[in-house]
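Written out below as structure tokens is the structure these notes cover.
The values are calculated or read from the model by the stated rules, or taken from the named source; none is laboratory data. Note that the coordinates shown come from a computational prediction; the quantities given were computed from them, not determined experimentally. We place every Cβ from the backbone using ideal geometry, glycine too, and count neighbours over all the protein chains shown. Accessible surface is based on the protein model in full, side chains and every heavy atom, while ligands, DNA and RNA are left aside. Shrake-Rupley method; radii C 1.70, N 1.55, O 1.52, S 1.80 Å.
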Amino acid sequence: MNINIKSVIFKNFLGDTPEWYKFIIIIFLIINPICYFFINNFISGWLLIIEFLFTLTMALKCYPLQPGGLLAIEAIIIGMTSPKQVSNEIANNIEVILLLIFMVAGIYFMKQLLLNFFTKLILSIHSKRLLSLTFFLVSTLLSAFLDALTVIAAVISVAVGFYSIYDNYMNQKKYMQNYDSKIITDKQQTLKQFQGFLRNLMMHTCIGSALGGVMTMVGEPQNLIIAKYVDWNFCSFFLHMIPITLPVYICGIIICYCVEYFKLFGYGIELPKNIYHILQIHYKNINKKIEHTEKLKLISQALIGIWLIISLAFHVAEAGLIGLSVIILITTFCGITDEQAIGKAFKESLPFTALLIVFFSIVAVIIDQNLFTPFIKIILQSSKSSQLFLFYLFNGLLSAISDNVFVGTVYINEAINAFKKGLISREQYEYIAVAINIGTNLPSIATPNGQAAFLFLLTSVLSPLIKLSYGRMVIMAIPYTIILTVIGLIAIEFWLIPITELFALFNWIHISK
């Protein structure tokens, strides 16, 4: 009887997750308190980070909320952090949480418009390289004025729509009978190629959104924090970043083309011809069947989409509140009043929001255990000439394994404290602010947990559909990560100061001495 109870408990523990994964999580939960109480707090803190990263890498085996949540709960219980510190982290990141809850749901109600637009785009552009560049450039442009997470949520909605079109056709027996000889040659090979095609577009979009997000003060949450600390407006922020962001952006475009042309790191996968025909048939059928009422709905969505872009670009309110306004406006003018129909829009965002709260718990451990303090001391004790280089590298390294918003906030706080104490000049403080911003945005593309938009993609409903795992995201990001990080480093070392001084000479920006 006892054996049966134990086996049932073990079977229920993390459900259908592989047994080896369950054993690893149990081992983590056993060794953490031992390490914390009997070995070293600092070591146990970094061990917890490594364990949490493991749960993210295994996201396709088990959603990270449960194993990561267990690690976070245990960390609070044994005293590595406190509920109060976790609450503080949640309060500090309330804008990101609201963004996830309401903006992603708002995008859900625009999916019909987005699907029509991107279907037409794919059908119009026959060159895969040109199509990849288009997704890259559009995501960059949008992310410079919107939040990167909003852009990724929109493209995820489109990609899921494409996959659903394909899946629906494959499941229709009538379609299989009519078109088997023309279109369906090898279902498994076609699906594999289609998954690869969507992975390519999603990764180009992710990188593009990161490069667009680094350029402006509204592109990423930490950009706003940094701009506030150094008292920069939209134009001055853009001009201070341009000596680095422009060459990095140009290199990003070149990389996008090269990986597609030479079919490197899993890129260069074409859209299968039979799926192109499926999308073409679907697009023609939809346009034939569309009624006057549906056209008005699409027009309403387009007008509300314009409101979304303008309000985010001018930051008329927090992104989450703008997302809520989009939900209210679209559901009102499209006649969606049923509670269950509205509730479906939140299914995608709420699990990830819960995971993000767990992530903030890990960040709280980082704060309470002072896990980043040694790195900050090394930087501030270094010479003036090497400070920019070190701020960039350490921000990049820590952002790749932690949250770039948290890392950016911690380091800009340390920088302003050093300035107030007279350890650095105002001019050096502003250059450091640039290095921090670039460091938190560029190298963080190396891993999905570096940026919220990447993590959202990894844990979205799309990832298992297109076989986009943590490891595959890291591999596909390698060419961008290495080259753009190096270009960013070169720009900080050799171009940042002279070009900034040139801008000051033309009175485009003001340098405080």
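Cβ-Cβ contacts under 8 Å between residues 6 or more apart (or on different chains), taken from a first residue in segment 270-283 that is under 16 Å from Asp167 (Cβ atoms) and part of a loop (DSSP other than H, G, I, E, B) to a second residue that is open to solvent by less than 50 Å² (accessible area, probe 1.4 Å) and not aliphatic (A, V, I, L, M), are listed as Leu271/Lys128; Leu271/Phe194; Leu271/Phe197; Pro272/Thr190; Pro272/Phe194; Pro272/Phe197.
Set side by side, the residues Ile299, Ile330 differ, and just one is modelled with pLDDT of 80 or more, out of contact with any Gly (no Cβ under 9 Å at 6 or more places or on another chain) and assigned to a helix (DSSP H, G or I), which is Ile299. Per this entry, Ser124 is counted among residues that are among the small types (Gly, Ala, Ser), within 23 Å of Ala302 (Cα to Cα) and open to solvent by 40 Å² or more (accessible area, probe 1.4 Å). On inspection, Ile244 does not qualify as modelled with pLDDT of 90 or more and loosely packed, with under 15 Cβ neighbours inside 10 Å. If you go through segment 394-426 and pick out every residue that is touching a Ser or Thr at 6+ places or on another chain (Cβ under 6 Å), in contact (Cβ under 8 Å) with a residue 60 or more places away in the chain and closer than 20 Å to Lys384 by Cβ, you end up with 1.
None of Leu465, Leu457, Leu484 is closer than 26 Å to Pro247 by Cβ, in contact (Cβ under 8 Å) with a residue 60 or more places away in the chain, of a type outside the set (Asp, Glu) and assigned to a helix (DSSP H, G or I) except Leu484.
If the condition is being within 14 Å of Leu71 (Cα to Cα) and among the aliphatic types (A, V, I, L, M), then segment 1-43 contributes Leu14, Ile24, Ile25, Ile26, Ile27, Leu29, Ile30, Ile31, Ile34. Touching a Phe, Trp or Tyr at 6+ places or on another chain (Cβ under 9 Å) and farther than 30 Å from Gly450 by Cβ - does that describe any residue in segment 217-225? Among the residues of segment 217-225, not one is touching a Phe, Trp or Tyr at 6+ places or on another chain (Cβ under 9 Å) and farther than 30 Å from Gly450 by Cβ, which makes the answer no. Of all residues being in a helix (DSSP H, G or I) and among the charged types (D, E, K, R) in segment 386-440, which is most open to solvent (accessible area, probe 1.4 Å)? Just the residue, please. Here the answer is Lys420. Scanning segment 295-317 for residues that are touching a residue at least 12 places away in the same chain (Cβ under 8 Å) and either open to solvent by 60 Å² or more (accessible area, probe 1.4 Å) or in contact with a strand residue (DSSP E or B) (Cβ under 9 Å, 6 or more places away or on another chain) (or both) turns up Trp307, Ile309, His315. For Val230, are the conditions met, namely being at pLDDT 90 or above, within 30 Å of Phe503 (Cβ to Cβ) and in contact with an Asp or Glu (Cβ under 8 Å, 6 or more places away or on another chain)? Answer is no for this residue.
For the residues Gly45, Gly79, the requirement of being in a loop (DSSP other than H, G, I, E, B) and either small (Gly, Ala, Ser) or open to solvent by 70 Å² or more (accessible area, probe 1.4 Å) (or both) singles out Gly79. Restricted to segment 301-316, and to residues there that are of a type outside the set (A, V, I, L, M) and in contact with a helix residue (DSSP H, G or I) (Cβ under 6 Å, 6 or more places away or on another chain), the residue that is farthest from Ser143 (Cα to Cα) is Gln301.
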